[in-house]
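Student: Please find one structure pasted underneath; my questions will follow.
The values are calculated or read from the model by the stated rules, or taken from the named source; none is laboratory data. On a predicted model such as this, the values are computed, not experimentally measured, just so you know. Positions of Cβ are backbone-derived with ideal geometry, glycine not excepted, and every protein chain shown enters the neighbour counts.
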Amino acid sequence: MFTSRKVKVAWASSALLVLALAGCSSTTAPAAGAVDAATATSAETFGGLDALVTAAKAEGKLNVIALPENWANYGKIIAAFEAKYGITVNSANPDGSSAEEIKAADDNKGMDTAPDVFDLGAAVALASTDKFAPYKVANWAEIPDGNKESTGLWVNDYTGSMSIGYNSTKYPAPTSLDALLGSAYSGAVAINGDPTQAGAAFAAIGMASVQNGGTLADFQPGIDFFGKLNAAGNFLKVDPTPATIASGETGVVVDWSYNNLASAATVPGWKVTTLPGTAYISYYNQAISKDAPNPAAARLWQEFLYSPEAQNLYLAAGAYPVTLAAMTTAGAVDAAALAAVGPLPTTAVTPTVAEVASANSLLALNWARAIG
């Protein structure tokens, strides 16, 4: 998942379906050993959720990757999963990018250390669907059609909006994108990773594009802006982390709202602003590795992530969960957390599948050239 992690860009419509909570049960479970967890496309394949839990507990572990503890509340989500099911979660390379997730799956294929699940930005996920196993969670109907691949190869999980976090003891509040070109921000402005590999950085370029006269069909204005920022001596080529933010090394960070809000909760003087005008929002995406060494645990993890318990934990960190509308209708949403976060921006854009592909091609050609 958008620290040097990744961008999860939504290919999805922001409209949320209002549907009742769906259950998954079966009165007749398959015979013991009859289920191939690696090909299971729903909990019903196992004979119901309880049988899936039993199979996952038998595996006893889950391998996740690129999930920083302070990213969208993943520290608490992982702890809650472990406590609920008694399954050990092995968390690899927490500050890795989406591209590094896929590389780890290739490098460790056939080993018990390979990732079981992915949390990816759209750009990488879209290019990696041959790595995924289709799966539909029990409350599949609560996830809007525009937020999921029809067979369950990838499913949106949470979103935020691109924001600017800054150390208010050293830097003025940025009131526009062009303000960041001024001498007050010398050597201070960082983005979260490489936009050709990381979702949060990809989204930063997209935000700069729509703020700088472009559209999501053309990321060149965003690339040009960061070229100007670099020429002005204001672009800092350091991936921000909680440590670099706390130390002051990265004083201004363009990143997802939930990441900057997490820093604001722990770093004195760290403030967060969303620029006026069009906001850039994007969902990250869940997927199960088709080569998962713990395929039942991988599927149980998905069931947990889309349950109200985990979806509300995303919300508590300032990330908007994909089942928000359904939870609100069912009275299952954490009302206090929702009130604290506030609504998503009403004037917002998110790229389509075609726009993500186009931006990827453009960044591959022009990004390195722009920043030198």
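Student: So residue 274 ticks every box in (1) of a type in the set (Ser, Thr, Tyr); (2) surrounded by fewer than 21 Cβ atoms within 10 Å (Cβ to Cβ); (3) farther than 17 Å from residue 163 by Cβ but one. Which box is left unticked?
Tutor: Going through (1) of a type in the set (Ser, Thr, Tyr); (2) surrounded by fewer than 21 Cβ atoms within 10 Å (Cβ to Cβ); (3) farther than 17 Å from residue 163 by Cβ one by one, residue 274 breaks only (3).
Student: Only residues that are crowded, with 21+ Cβ neighbours inside 10 Å and among the charged types (D, E, K, R): list them for the range 229-271, please.
Tutor: Across the range 229-271, the qualifying residues are 239, 255.
Student: Just wondering, is there one or more residues in the range 215-227 that are outside the structural domain of residue 70 (by TED's automatic domain parsing), among the β-branched types (Val, Ile, Thr), farther than 18 Å from residue 368 by Cβ and in a strand (DSSP E or B)?
Tutor: Of the range 215-227, the ones outside the structural domain of residue 70 (by TED's automatic domain parsing) are 215-227.
Checking which are among the β-branched types (Val, Ile, Thr) leaves us with 215, 223.
From the residues that got through so far, the ones that are farther than 18 Å from residue 368 by Cβ too are 215.
Still in the list and also in a strand (DSSP E or B): 215.
The answer is yes; a qualifying residue exists.
Student: Now a separate question. Listed residues 266, 274; which is closer than 21 Å to residue 192 by Cβ and in contact with a strand residue (DSSP E or B) (Cβ under 6 Å, 6 or more places away or on another chain)? Give the derivation first.
Tutor: Working: 266 fails: in contact with a strand residue (DSSP E or B) (Cβ under 6 Å, 6 or more places away or on another chain).
Being closer than 21 Å to residue 192 by Cβ and in contact with a strand residue (DSSP E or B) (Cβ under 6 Å, 6 or more places away or on another chain) holds for just one of 266, 274, which is 274.
Student: Find the strands (runs of 3 or more DSSP E) located wholly in the range 90-203 whose residues include 2 or more that are surrounded by fewer than 22 Cβ atoms within 10 Å (Cβ to Cβ), and list them. Full working, then the answer.
Tutor: Details: elements: 117-120, 155-167, 189-191.
Of the strands (runs of 3 or more DSSP E) lying wholly inside the range 90-203, those with at least 2 residues that are surrounded by fewer than 22 Cβ atoms within 10 Å (Cβ to Cβ) span 155-167.
Per-residue answers, yes or no, for (1) under 23 Å from residue 133 (Cβ atoms); (2) among the hydrophobic types (A, V, I, L, M, F, W, C); (3) modelled with pLDDT under 95; (4) crowded, with 23+ Cβ neighbours inside 10 Å:
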site: 40; (1), (2), (3), (4): yes, yes, no, no
site: 48; (1), (2), (3), (4): yes, no, no, no
site: 61; (1), (2), (3), (4): yes, no, no, no
site: 65; (1), (2), (3), (4): yes, yes, no, yes
site: 75; (1), (2), (3), (4): no, no, no, no
site: 79; (1), (2), (3), (4): no, yes, no, no
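Student: If you check 326, 340, 348, which single one turns out to be under 30 Å from residue 116 (Cβ atoms) and either small (Gly, Ala, Ser) or at pLDDT 95 or above (or both)?
Tutor: On the way: 340 fails: under 30 Å from residue 116 (Cβ atoms); 348 fails: under 30 Å from residue 116 (Cβ atoms).
After ruling out the rest, the residue left standing is 326.
Student: Follow-up question, since we're still on this one. Just checking, which of 275, 261 is within 15 Å of residue 211 (Cβ to Cβ) and of a type outside the set (S, T, N, Q)? Lay out the reasoning, then the answer.
Tutor: On the way: 261 fails: within 15 Å of residue 211 (Cβ to Cβ).
The unique qualifying residue is 275.
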